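Down below is the structure, laid out as structure tokens.
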Amino acid sequence: MNGADLIVKFLLDKGVHHAFGYPGGPVLVLYDAIYNAGFPHVQVRHEQGAIHAAEGFAKVTGIPGVVIATSGPGATNLVTGLADAMLDSVPILAITGAVARKSTGTDAFQEADITGITQPITKYNYLVMEPNDLLPILEEAWQLTTEGRPGPVLVNVPKDLLAIQIDPEAVNRSASTYVRHRPAKVRTEHMTEQVYAALAKAKKPLLLAGGGSVISNGGVQDMMEFIRCLGIPVATTLMGKGAVAPDHPKYLGHIGMHGTPQANTALGTCDLLIAVGCRFSDRIIGDPDLYNQDKKRVIIHVDIDNAEIGKNVRADIGIEDDAADFFRTMAANYPADRTCGVFSEDWIEWIDSLMAKKKRYDELVEQMYVPTYPLLPQYLIHRVAQAYKGQNAIVVTDVGQHQMFATQHFPVESPRSWITSGGLGTMGFGLPAAIGASFADRTRPTILFVGDGGFQMTFQELGVLANLQLPVKIFIMDNGSLGMVRQWQDLFFDKRFSHSGMEGTPDFNMIAKAYNLPCGFANDEASLNREIEKCVTTEGPYLVHCIIDTGENVYPMIPAGRMPNDLIMPGMD
Ligand SMILES: Cc1ncc(C[n+]2csc(CCOP(=O)(O)OP(=O)(O)O)c2C)c(N)n1
């Protein structure tokens, strides 16, 4: 068995029935092994497409997404996706080819030090230099993708090592090199009393569920039980969307720069915050120093990654635990002297005030749902959401205004069904991620909202969609501009719209037709209704080029660096 056969056997043994990749010289032997074994592989159009597709797959399933790329440009094309997966804690195994071992460091053809380049943007990475190290490194890399906080791991394999004969029994068990100093864990079981004591003192508590609550196995069910017992109001982060059912009576929506007024008010004014699986990015907390100033607020931070606890925002109580374990242990230790459903009568006034704010905001939102010409983005998303209500659709976005509108106006019906690039904000993520997500579960519709800018970054992946015939429904929200950039120029640069217009935008329907994909065009209520209907009744992919209002800005908005409760929402007191 050569090194390449060994890699393919390893993947098959792990039950991998997917790999997204693109061939090239140094991985020819690997692609030969893929061919010989009949290993299932999706050939993308660009390596960035491969890694975003693998991310989409991993986000929906929780199973590591596998990516294969050649050395040099193939490997460097993965960089954006690795950084994206790192920030959003997505389990990815990336296998890259490298120049032959004896050429390492000679500036050989297609040599790029990908382990050096990706060191800060992978959870861990390896350059395999000894044949007998290959298998143990693959084993360790696979395990690392999902162990603790998930993330991307890269294994770089020189091309001569792919061709060399390796005895699968003669493995070097000491090749594993992942060693990390870890401080002692403070697990929930030692902290339940302290947490309940803080809850008993609180008048204005808030539970904040981050992406960690969604990706923790069983975390969401356990969290719902915790919320039910306590009757505590809950908000989610952008990455936590989908964790709580949209119509849950204690759900305030999501926090952050474009989050709901009730969720942001709660975050800004609570006296007890229990944050689970969130890293307090600047997009949710504004200026952490300002937030830290209120010393009366008690902050309980639960995260599986100890390095996140207290990193941006001080933690009065830090708990290093998996979200599911935290919620389960807390619920199991619910104090006998407290009524289940209402932990504290003191919270009623606080919850009522937040719900009143929610009611007022919902009324304002309702006013946005009117058919106009040109179409309002809020209305468009609302109409699509209505059409797919009850179908548990997977909702994918690219990055920009449409992403925020989708967050606000598309009620996601279950966990792992909201796929977006949160931490890195990667334009071009949407289409390949939607392909990967739909590949993971083609029994559900996958809906992609993408801007005219972001779509043009990776639209070559339409070829993959056409090949696979996945039920991905694409709504290109064409506002003739790089909308989010335009919005900031409008609000903070005195309307100097420097290079945020989009000239030379192609006819997206002609592009879809070139790939033999069914498509349509919508610019008013009637055409939108017609196209949504076609999306629903067409079995496979469908693309709708939608013209929307250029000047519509995303509100609510918290100006950068301000407190959550400094939110601007026209019409809201
Ligand atoms: C790769 C990359 N380049 C640049 C940006 C900066 N950026 C953020 S949003 C945005 C505009 C996106 O425009 P479009 O795709 O048309 O979506 P819209 O905001 O109009 O909905 C830009 C340029 C980015 N996030 N990612």
Inset, instruction - Please calculate the 1.4 Å probe accessible area of V16, with all protein chains present, and give it to the nearest 10 Å². - result: 10
Inset, instruction - Pop a pseudo-label 7 angstrom from the Cα along the beta-carbon direction at both E533 and D287 and give the gap in nm to one decimal. - result: 5.4
Inset, instruction - Report the relative contact order of the chain, percent, no decimals, based on alpha-carbon pairs under 8 angstrom and at least 6 residues apart. - result: 14
Legend entry - Under the Karplus curve 6.51 cos²θ - 1.76 cosθ + 1.60, θ = phi - 60°, whole-Hz ³J(HN,Hα) for segment 352-364, x wherever Gly or Pro sits: 4, 5, 5, 5, 5, 5, 4, 4, 5, 5, 4, 5, 5
Legend entry - Cut-off 13 Å, label 7 Å out along Cα→Cβ of E525, residues of segment 347-369 by amide N: 369
Legend entry - Exposed-site-free run, longest, the chain (rule: trypsin sites (Lys or Arg not before Pro); DSSP loop; at most 13 other C-beta within 10 Å): 1-179
Inset, instruction - Kindly provide the helix-only [θ] at 222 nm of the chain, computed as the sum of -39,500 (n - 2.57) over DSSP H runs of four or more divided by all residues, to the nearest 500 deg cm²/dmol? - result: -11000 deg cm²/dmol
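At most 15 other C-beta atoms within 10 Å and a DSSP loop state: those are the exposed GluC sites (Glu not before Pro) I care about. Give me the longest piece of the chain that has none. Before the final figure, lay out the partial values.
Details: sites that count: E147, E169, E503, E539.
Result for the longest clean stretch: 170-502.
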Inset, instruction - Return the whole-Å distance between the Cα centroid of segment 375-443 and the Cα centroid of segment 132-165. - result: 32
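Please report, as a whole percent, how much of the solvent-accessible surface of segment 1-87 comes from carbon and sulfur atoms (probe radius 1.4 Å).
So the carbon and sulfur contribution to the accessible surface is 56 percent.
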Inset, instruction - Set the Förster radius R0 to 51 Å, insert the Cβ-Cβ distance between E363 and E169 as r into 1/(1 + (r/R0)^6), and round the FRET efficiency to 0.05. - result: 0.15
Inset, instruction - Mind giving me the nanometre distance, one decimal, between the label points for Q143 and E193, set 7 Å out from Cα along Cα→Cβ? - result: 3.6
Inset, instruction - Please report how far the C-alpha centroid of segment 31-83 lies from that of segment 197-245, rounded to the nearest whole angstrom. - result: 34
Legend entry - Distant-in-sequence amide H partners of G72 (H built 1.01 Å from N, under 5 Å): A112
Legend entry - Leading residue at positive end of dipole, segment 368-547 (Cβ point charges), from F492, A385, F475: A385
Inset, instruction - For segment 508-560 and segment 299-349, compute the distance between their C-alpha centroids and round to whole Å. - result: 42
Legend entry - Probe 1.4 Å, protein heavy atoms only - accessible area per residue of the chain in square angstrom: 39
Inset, instruction - Please give the net charge around D160, taking every other residue with its beta carbon less than 11 angstrom from that of D160, where Lys and Arg add +1 and Asp and Glu add -1. - result: +3
Inset, instruction - For I92, list long-range residues whose amide hydrogen, built 1.01 Å from N in the peptide plane, is under 5 Å from its own amide hydrogen. - result: G65, G151, V153
Legend entry - segment 55-159 - percent relative contact order, Cα under 8 Å, separation 6 or more: 34
Legend entry - Segment D573-L28, extension gain: residue separation times 0.36 nm, minus the distance between their alpha carbons: 189.9 nm
Inset, instruction - Could you work out the local net charge near G25, counting Lys and Arg as +1, Asp and Glu as -1, over the other residues with Cβ closer than 15 Å to its Cβ? - result: -3
Legend entry - Given charges at Cβ of Lys, Arg, Asp, Glu: segment 3-170 dipole, positive-most of I164, G116, L134: G116
Legend entry - Positive dipole terminus of the chain, leading residue within V42, L144, G571 (C-beta point charges): G571
Legend entry - Assigned charges on the beta-carbon of Lys, Arg, Asp, Glu; segment 6-69 dipole about Cα centre (debye): 100
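Roll a 1.4 angstrom probe over the protein heavy atoms and tell me the percent of accessible area of segment 368-547 that is carbon or sulfur.
In segment 368-547, the share of accessible area belonging to carbon and sulfur is 54 percent.
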Legend entry - Carbon and sulfur %, accessible surface of segment 257-365 computed with the full protein complex present, 1.4 Å: 49
Inset, instruction - Using only the Cα atoms of the chain, build the gyration tensor, take square roots of its eigenvalues as a ≥ b ≥ c, and label the shape rounded, prolate or oblate: rounded if a/c is under 1.5, else prolate if a/b is larger than b/c, else oblate. - result: oblate
Legend entry - FRET efficiency estimate (nearest 0.05) - Cβ-Cβ, R228 to R314, R0 35 angstrom: 0.75
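The values are calculated or read from the model by the stated rules, or taken from the named source; none is laboratory data. None of these values were measured; they are calculated from a predicted model. Neighbour counts run over all protein chains shown; Cβ positions are idealised from the backbone, glycine included. In case anyone asks, the SASA skips ligands and DNA or RNA and just uses the protein heavy atoms, side chains included. Shrake-Rupley method; radii C 1.70, N 1.55, O 1.52, S 1.80 Å.
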